[in-house]
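To start, the structure itself, in structure tokens.
Read-outs throughout are calculated quantities, based only on the coordinates presented, and are distinct from any laboratory measurement. Here the structure is a predicted model, which is why all the values come from computation and not from measurement. Quick reminder, even Gly has a Cβ in these numbers, built from the backbone with ideal geometry, and neighbours come from all protein chains shown.
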Amino acid sequence: MEELIDILSRIRSVIFRTAEIGIGLIGVIVISYLLLGEGAGEYVNSVVQNLAVVVSILKPETVVAVAVLVVGYYILRRYR
């Protein structure tokens, strides 16, 4: 049973690390779009357009709630 818990813990750690890297990559892409504008390239423009579609579908309260959860998660991880 301890081995199963250890394996699940490792899998969870890998999933969270992958999600953090993905969110960081999206952040870098958005910052490069803000700095370079339309000339940032096709890939950057498509990522920003997809994010705009997702944000337009979601209600503003949902976006704020997700942002609060993400910030809270990083604050809790920092103080552990």
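The figures follow:
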{"item": "Residues that are aromatic (Phe, Trp, Tyr) and outside any helix (DSSP H, G or I), drawn from region 30-55", "result": "none"}
{"item": "Residue match in region 1-18 (condition: more than 27 Å from TYR74 (Cα to Cα) and not in a helix (DSSP H, G or I))", "result": "yes"}
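Matching residues to (1) more than 13 Å from the chain's Cα centre (by Cα); (2) of a type in the set (Gly, Ala, Ser); (3) surrounded by 10 or more Cβ atoms within 10 Å (Cβ to Cβ):
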residue: ARG12; (1), (2), (3): yes, no, yes
residue: LEU25; (1), (2), (3): no, no, yes
residue: ALA40; (1), (2), (3): yes, yes, yes
residue: VAL44; (1), (2), (3): yes, no, yes
residue: LYS59; (1), (2), (3): yes, no, no
residue: VAL63; (1), (2), (3): no, no, yes
residue: TYR73; (1), (2), (3): no, no, yes
residue: LEU76; (1), (2), (3): yes, no, no
